[in-house]
Amino acid sequence: MKIDGACSCGAIRIEGEADPEKTQICHCTDCQTGTGSAFRVSIPVSGATFRMTGQPALFLKTTAESGNPRLQAFCGTCGSPIYSTTPGEGQQASYMVRVGILRQRDQFVPRRQNWFRSARSWVLNLDAVPKNEKQALA
Ligand SMILES: [Zn+2]
Ligand SMILES: [Zn+2]
């Protein structure tokens with residue numbers, strides 16, 4: 001299906017095509033640090049369909065486990081994570097786009113959880129945590 005999205009400030013916009021069945025969570029510690037959160041949710045988008053306006057800031061992260069470098073793209077103004085891909089010139093074969101920036105995010109439900117060995121112990125128990133429909137009143 002067609003997807004499109006933008007960072008928080010709108011400086012970077014992306015579009016492409018993605019299969020919701022391929023939505024995945026990554027619980028690795030690099031993703032925890034890179035998001036400042038418990039896990040990352042991403043969807044692969046083929047380079048043939050991936051389009052972007054705006055110029056992201058880039059950070060080359062070598063993953064501790066595999067030793068493979070991954071290029072992490074985020075907005076240099078607002079800091080929103082945009083995608084990761086293989087380092088190299090020009091269009092790459094595939095982009096792992098961050099589901100949270102997509103306008104169609106409701107339709108991308110995770111189908112797989114990777115690096116579960118480093119998942120935070122509470123991620124499977126969120127249903128038991130008291131909920132507020134909006135911001136808590138202190
Ligand atoms: Zn931005
Ligand atoms: Zn990860």
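Among the residues of the stretch 109-138, those that are out of contact with any His (no Cβ under 9 Å at 6 or more places or on another chain), of a type in the set (A, V, I, L, M, F, W, C) and surrounded by 11 or more Cβ atoms within 10 Å (Cβ to Cβ) comprise 109, 124.
A quick yes/no check of all residues on (1) among the hydroxyl-bearing types (Ser, Thr, Tyr); (2) more than 24 Å from residue 9 (Cβ to Cβ); (3) free of Cβ contacts under 8 Å to residues at least 24 places away in the same chain; (4) within 14 Å of ligand 2 (Cβ to nearest atom):
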| residue | (1), (2), (3), (4) |
| --- | --- |
| 63 | yes, yes, no, yes |
| 106 | no, no, yes, no |
| 110 | no, yes, no, yes |
| 120 | no, yes, no, yes |
| 126 | no, yes, yes, no |
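Considering every residue within the stretch 2-12, establish whether at least one is over 12 Å from the mean Cα position of the chain (by Cα), in a helix (DSSP H, G or I) and either charged (D, E, K, R) or more than 11 Å from ligand 2 (Cβ to nearest atom) (or both). Within the stretch 2-12 (the criterion being over 12 Å from the mean Cα position of the chain (by Cα), in a helix (DSSP H, G or I) and either charged (D, E, K, R) or more than 11 Å from ligand 2 (Cβ to nearest atom) (or both)), the answer is no, since none of the residues qualifies. Of the residues making up the stretch 75-98, just one is open to solvent by 10 Å² or more (accessible area, probe 1.4 Å), touching a helix residue (DSSP H, G or I) at 6+ places or on another chain (Cβ under 7 Å) and not in a loop (DSSP other than H, G, I, E, B), namely 81. Of all the numbered requirements in (1) open to solvent by 70 Å² or more (accessible area, probe 1.4 Å); (2) assigned to a loop (DSSP other than H, G, I, E, B), residue 106 misses one, and that requirement is (2). Among the residues of the stretch 35-50, the ones that are closer than 16 Å to residue 81 by Cα and part of a strand (DSSP E or B) come to 6 in all. Among the residues of the stretch 1-34, those identified as of a type in the set (A, V, I, L, M, F, W, C), within 16 Å of ligand 1 (Cβ to nearest atom) and open to solvent by 20 Å² or more (accessible area, probe 1.4 Å) are 6, 9, 11.
Of the residues in the stretch 35-57, how many are more than 16 Å from ligand 1 (Cβ to nearest atom) and under 14 Å from residue 98 (Cβ atoms)? Talk me through it step by step, then tell me what you get.
First pass over the stretch 35-57, keeping only residues more than 16 Å from ligand 1 (Cβ to nearest atom): 37-51.
Imposing the further condition that a residue be under 14 Å from residue 98 (Cβ atoms) reduces the set to 37, 39-45, 50.
Counting residues in the stretch 35-57 that are more than 16 Å from ligand 1 (Cβ to nearest atom) and under 14 Å from residue 98 (Cβ atoms) gives 9.
The values are calculated or read from the model by the stated rules, or taken from the named source; none is laboratory data. Just so you know, these numbers come straight off a predicted model, no measurement behind them. No Cβ is skipped: glycine too gets one built from the backbone with ideal geometry, and neighbour counts run over all protein chains shown. To get the accessible areas, we keep the full protein, side chains included, count just its heavy atoms, and leave off ligands, DNA and RNA. Shrake-Rupley method; radii C 1.70, N 1.55, O 1.52, S 1.80 Å.
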